[in-house]
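Each remark here refers to the structure printed beneath this line.
Please treat every number below as a calculation from the coordinates, not as lab data. Not measured: the values here are computed from a predicted model. Backbone-built Cβ (ideal geometry, glycine too); neighbour counts: all protein chains shown.
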Amino acid sequence: MYSSEEIEKKRLLALQKKAQKLQQLENKVPEKRKLSSSPITTHKPKQPRIFNTINPDNFFGKSESFKINCVMITEDRFQIEASYNQELIKLFYKISSKKYDPKTKWWNFHIDDYNNLLQDIKMVFGTKIIISSIPPFVLQTFRVNLRQKSDEKLHISIEDKIDKTLLSQLMPFQKEGVMYGIKNNGNCIIADDMGLGKTIQALGIAHYFQDDWPLLIVTPSVVRYQWSEAIFRFLPSIPAQHVFQFTNGKDCLGSERVTIVSYDLLARHIQTFENKVFGFLIIDESHSLKSFKTERTKSVKKIATQARHVLLLSGTPALSRPIELYSQLSFVCRNFMKVHDYGVRYCEGQQNAFGWDFKGASNIRELQLLLKSTCLIRRMKGDVLKQLPDKIREVVILDPGLIKVATKEMVAMAAHLQKLMSCQQKVLAVGNYIKNLVEKQNKFLVFAHHEYMLTKICNILNKSKIIYVKIDGKTKAEDRKVFVDKFQECDSCLVAVLSITAANAGITLTAASLVVFAELYWNPGTLCQAEDRVHRIGQKNSVVIQYLIAKGTVDDFLWPLLQSKTEFLADAGLNQNFSFSETELTHQKLTGEDLALSESIDKQKTLNDFVISQELQINMEKKFSYPMNEVPQTSTFNSELTSESMKDENSSLLTVVRPSIPENLGQLLDDDDSSFADFDLASIS
């Protein structure tokens, strides 16, 4: 409690502060509001308004800041992208290495002039200019490469350090890949097209650096046994007892020189592997590490930071977006740029309410140059294997009469995703197509994504008494090899029923030359990997790839989406050879009972009558159209149609016409396929 003296003291202090505040307020009262002591008020003459003149430079917002973007266009030149500015042009003229591109209307300069030019720009414009500069890591990379090119070429002798058995089986382009990896000290990404022998190249590079072993090979579970077989075949100098397969948590790591482990086992038992230092690390199918946030990627990173050499293998290093390359690049490039800097520079990073969005693509030309200059080597089949048969891609339009359509009872659910789901709608038409194929007694592969579709295809083959093999996510690793050998060696085994996600890598099925996709998948890279189970070294016939497309289903949205993703990758130099440009078109032809069934189903009211406008339907009709003279004459199925809605099908070229997508479905299709790895659309009810 305060004493009476303290209370009185505080009261007087408060009164003093109040008086000071009132005095301050009185001083702030305008002059005209104060009471005048003079009885007569005088009015001052009104002063004319003086208008401030505007500097001509301020017209049309010229005083506002503007932005320039600096980007590498070759290994020794950079380009400045900016709107026209006279002062900026004057600075450009002072640079001796200046060049003007009349097509792009932009100026480019030698990389040696980069620092001086940017310094002059900042001095002239100050805060009026916003500069998107080239990242320091990128500049340093290109400058180092220029210095190395000026030096004498490094001569490397590999005959004495790599097993002669392996060397004798290397093709010329594979030997170049081995030399590339050695020159990069074993830190690189071999991104050769599927089927070009990345495994043998990786073993060659690893064997060159065998003094730094033990060697750890991280691979998908389904192909880990193929790695041990490859070691026994190409590196007979490595004793079998020195090759260890880590199969469960009870296994212990000893003095083995080579350890093979799956991604999942490594993540679950990371502590065991951290206790042993591996000098050389091979990461197979490295696109599995596309997300830097997953436990799988974090586990591999812990091992990679300890290894002296990190070698990545992938035929599709980026399945759809540049951001998928980041974690892989950070493994092989020491002191690589931060993920935020990479995302803003090459993924068109945009900040929103939830953080940064890196799903786009930007400065792709520079990214392509960076990949080639640092750590990535990529060869396509058409570039190195001139003798390899062609791959012919076809789009087969399934008969609309066999597509399961909506009934009147489904009107209330018209907006539901299940109506656009392709799996259950397509199964009847797919079954008819498969039955026609098996009658020809030729081997072929059929890929599907949903268990429902895979089961229905197997049921059709069983009823037709066809010998086949099935490989999906439930197939054990040891059984996969048995099934592959059976299909390759047994003439009576005609069909391989395969899951798109479980059987798109690590197996060779060159006994067939026809691949049929009963369903589409989210990413072109996954589809290309599946295609190349037959289009690889050892194939003697032309390969035909057929995609079964059903109108009025989710295929209408997935097919254009796949093409748009492919264009992203092509711009970055990671072409997937997945294009509409040379795709042939055929149509399903029905006979007998199937034709009668089609006619009866065709009488139903279609889904389009409920949820698709007439304009959208016209666009969908045009989307898969070709001129009549472009339909292959030798195709099994001719262009005769069985539905009235398809009579004008051959009226225009095949064009990508992306219809307006319902908001929920559009968001679904734009998400990463990793979000749907364990998600089955067939389970939606």
Item to complete: Just rank Ile364, Ile131, fewest to most, by other beta-carbon atoms within 10 angstrom.
Response: Ile131, Ile364
Discussion item. Skipping prolines and chain starts, which residues have an amide H placed within reach, meaning under 5 Å, of the one on Phe517, given they are 5 or more residues away or on another chain?
Written reply: Phe447, Gln546, Tyr547, Leu548
Discussion item. Is the C-alpha gyration tensor of the stretch 62-134 telling us rounded, prolate or oblate? Criteria: a/c under 1.5 is rounded; beyond that, a/b larger than b/c is prolate, otherwise oblate.
Written reply: prolate
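At a 10 angstrom cut-off on C-beta neighbours, averaged per residue, how do the peptides 86-93, 65-72, 541-548 rank from highest to lowest?
So the peptides 86-93, 65-72, 541-548, ranked by packing, come out 541-548, 65-72, 86-93.
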Worksheet item: Considering the dipole of the stretch 164-322 built from charges on the beta carbon (Lys and Arg +1, Asp and Glu -1) around the Cα centre, which of Gly195, Gly315, Tyr225 is farthest to its positive end?
Response: Gly315
Discussion item. With the cut-off at 1.5 for a/c, could you classify the stretch 164-322 from its C-alpha gyration tensor as rounded, prolate or oblate?
Written reply: oblate
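With a ≥ b ≥ c the root eigenvalues of the C-alpha gyration tensor of the stretch 279-343, is it rounded (a/c under 1.5), prolate (a/b larger than b/c) or oblate?
Oblate.
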Worksheet, complete the sentence: To the nearest 0.05, the calculated FRET efficiency linking Ser564 and Lys440 through their beta-carbon distance, R0 being 30 Å, is 0.30
Worksheet item: For Ile134, Ile270, what ranking results if the residue with the fewest other Cβ atoms within 10 Å of its Cβ goes first?
Response: Ile270, Ile134
Discussion item. List the pairs from Lys470/Lys551; Lys149/Lys359; Lys250/Lys302 whose alpha-carbon separation is above 25 Å, in the order I gave them.
Written reply: Lys470/Lys551; Lys149/Lys359
Worksheet, complete the sentence: Highest mean packing first, using Cβ neighbours within 10 angstrom, the peptides 474-481, 275-282 sort as 275-282, 474-481
Fill in: Ascending count of other beta-carbon atoms within 10 Å, so fewest first, for Ile537, Ile471, Ile200
Ile537, Ile200, Ile471
Worksheet item: So which of Lys435/Lys463; Lys98/Lys338; Lys391/Lys463; Lys293/Lys474 end up more than 20 Å apart by C-alpha?
Response: Lys98/Lys338; Lys391/Lys463; Lys293/Lys474
